[in-house]
Amino acid sequence: MTKIAIAGSGAMGSRFGYMLQATGNSVVLLDNWAAHVQAINTNGLTVNIAGQAPLQVQIPAALPTDIKEIQDVIILFTKSMQLTNMLQTIQPLIGPKTKVVCLLNGLGHPETIERYLPKTNIFVGITLWTAGLTGPGEITLSGSGSVELQNVAPDSQNAAKALVELLSAAGLKAHYSTDVLFSIWRKACVNGTLNSLCALLDCNIAQLGQTSQATTLLTAIVAEFSAVAATEGVDLQPAEMLAHIMPLFNPEEAGDHYPSMHQDLIQHHRPTEIDYLNGYVARKGTERGIATPVNQLITELVHTKEALLIEK
Ligand code: NAD
Ligand code: AOT
C-alpha cells in the first residue's frame, strides 16, 4: 500500500486523491482551507458525477501543518501562487525516498521545487483531467483525461515509470513522457491564450473563437511564447501551436468551457495564475532580451482586473 499525501486538495487534488484511494492506496488530503478539511472529515468527500447519485467517500483530510509522517509519494496540486508556501509547510513529510509529483498548470514550477528537494525525487508533467470544487468538501467530476509525466533527473526514469503505473492503476491514464518540457510549454500556451483572453473579455472559448480578432490576438501571444520557449530549448512552432489551439473553439472540443482563469477572476474574484503563464513569458523575455510586449500588457491587464475585483 503506497502512502500518498495530496498537497493542495482543491478540485484536482481531491479528484486524484479520491481515485488513488479507491484503488487501495493510503491517501491523506492536505489543504489550508479549514472549512473544506472539516467538511471532508465530518461528512466524507462528496463526489458528484453526472448521472449518478452523489458519493460520500470517507477519506482522511488535514491541514498541512497537522501531518508530520514521511510519505512515499506527494502529489502537489495547489494553485501556482500557493506552491512555495505548501513546499515549505510539508518539509516534515519529505524523506530521502519521498517522490514528489507536480502536475500544476504553468511554467517555472520545477525550478521552484528544486529549492526544496533533490532533483532525483522530482517528477513533473501535465494533466488533461478536469474537476470542479463546488463547495467545502464537495467536488464535481465529468469527462475523461490523461497524465504525462517525466523524471527531472536522468537517472530517475524507473521511478517515473513506477509513478506512471501507480496513477494508471487508479484509472488516471498516465503515460511516460520523453519530452515533458514541450508538453508543459504547449499546455501553458493554450492557457496563456484562451484563459487570459476569456478572463479579460468575459467570454467562453467558443465566443472568443467567433470574434474576427481572435486569430490576430492568438498569433501575437503565441509568437512570444515560441520565442521564449526557444531560450529553454523547447521547439514550440507558432503555426503548429495555432493549429493545436484553433480546434478547441469548437463546442464539441472545449468551446463551452469557461477557462479556470475566468472562473477564478470573473466568477469568484480570486487571484489568478497569470504570473506563471503570460507573466512568466514577459518576465523571462525581459531577462533574456526578447521583446514580449503583448504578454506584458496582458499580464498587467489581468493584474489590474484582480485589483478591481478582489477584496483586500
Ligand atoms: P482549486 O482552486 O480547486 O484549489 C486550489 C486551492 O484553493 C485549494 O487549496 C483550495 O482549497 C483552495 N480554495 C478553493 N476554493 C476556496 C475557497 N472558497 N475558500 C478558500 N480556499 C479555497 O484548484 P484546482 O482547480 O484544483 O487547480 C490546481 C492546479 O491544477 C492548478 O495549477 C490548475 O491550473 C491545475 N489544473 C486544474 C484543472 C481543473 O480542471 N480544475 C485542470 C488541469 C489543471
Ligand atoms: C482548457 N482549460 O486548462 C484545457 O481552464 O485552465 C483551464 C484549462 C484544455 C483545452 C481548453 C481549455
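Each value in this text was obtained by applying a stated rule to the coordinates, not by laboratory testing. All values derive from a computational prediction rather than experimental measurement. Here Cβ is always computed from backbone atoms with ideal geometry, including for glycine, and neighbour counts include all displayed protein chains.
Among 189, 203, sorting on how many other beta-carbon atoms sit within 10 Å of each Cβ, with the fewest leading, yields 203, 189. With contacts taken as Cα pairs under 8 Å at a separation of at least 6 residues, the range 108-244 carries a relative contact order of 18 percent.
Our summary gives the chain a relative contact order of 14 percent, counting only alpha carbon pairs under 8 angstrom and 6 or more residues apart.
So what's the projected area for the chain, the Cα convex hull averaged over all directions, in nm²? Dividing the Cα hull surface by four gives the mean projection, 15.8 nm². Taking the Cα centre of the range 1-116 as reference, the dipole from Cβ charges on Lys and Arg (+1) and Asp and Glu (-1) amounts to some 100 debye. For the range 247-312, rounded, prolate or oblate, judged on the Cα gyration tensor with a ≥ b ≥ c (square roots of eigenvalues), a/c < 1.5 rounded, else prolate if a/b > b/c? Note, shape of the range 247-312 comes out oblate.
Expressed as a whole percent, the proportion of Cα-Cα pairs in the range 136-282 lying more than 24 Å apart is 42%. All other residues whose Cβ lies under 15 angstrom from that of residue 280 are scored, Lys and Arg at +1 and Asp and Glu at -1, for a net of -1.
With coordinates expressed along the principal axes, the C-alpha atoms belonging to the range 206-272 extend over 36, 27, 20 Å, beginning with the largest.
With +1 on each Lys and Arg Cβ and -1 on each Asp and Glu Cβ, and nothing else charged, work out how big the dipole of the range 232-303 is about its Cα centre, in Debye to the nearest 20. Don't jump to the answer; show the numbers that get you there.
Values: 4 positive and 11 negative charges, 64 e Å.
Taking the Cα centre of the range 232-303 as origin, the dipole is about 300 debye.
When restricted to Cα atoms, the range 64-146 yields an Rg and a Dmax of 13.7, 37 Å, respectively.
Set the Cα radius of gyration of the range 13-71 against 2.2 N^0.38 Å, with N its number of residues, and you get 1.14. Residue ranges 35-44, 265-274 sort as 265-274, 35-44 when ordered by packing (mean number of other C-beta atoms within 10 Å per residue, highest first). Computed over the range 209-311, relative contact order equals 27 percent, with contacts defined as Cα pairs under 8 Å that lie 6+ residues apart. Note on the chain: GNM, Cα springs under 10 Å; of 123, 249, 225, the largest mean-square fluctuation is that of 249. Under a Gaussian network description of the chain, with springs only between Cα atoms under 10 Å, the residue in 66, 202, 275 that fluctuates furthest is 66.
Annotation: for a label point projected 7 angstrom from Cα along Cα→Cβ of residue 153, residues of the range 67-105 with backbone N closer than 15 Å are 95-101.
Taking 0.36 nm per residue of separation and subtracting the current Cα-Cα distance, fully stretching the chain between residue 287 and residue 97 would add 64.8 nm.
Note on residue 65 and residue 216: the model spin-label points, each 7 Å out from Cα along the C-beta direction, lie 5.2 nm apart. Among beta bridges identified by DSSP and lying wholly in the chain, the antiparallel ones come to about 30 percent. For the range 104-260, the antiparallel share of DSSP beta bridges with both residues in that region comes to about 75%. Shape annotation for the range 134-221: C-alpha extents along the principal axes are 48, 35, 20 Å, from largest to smallest.
The base-10 log of I(q)/I(0) for the range 1-133, evaluated at q = 0.18 Å⁻¹, reads -0.97 [Debye formula, identical scatterers on Cα atoms, solvent excluded].
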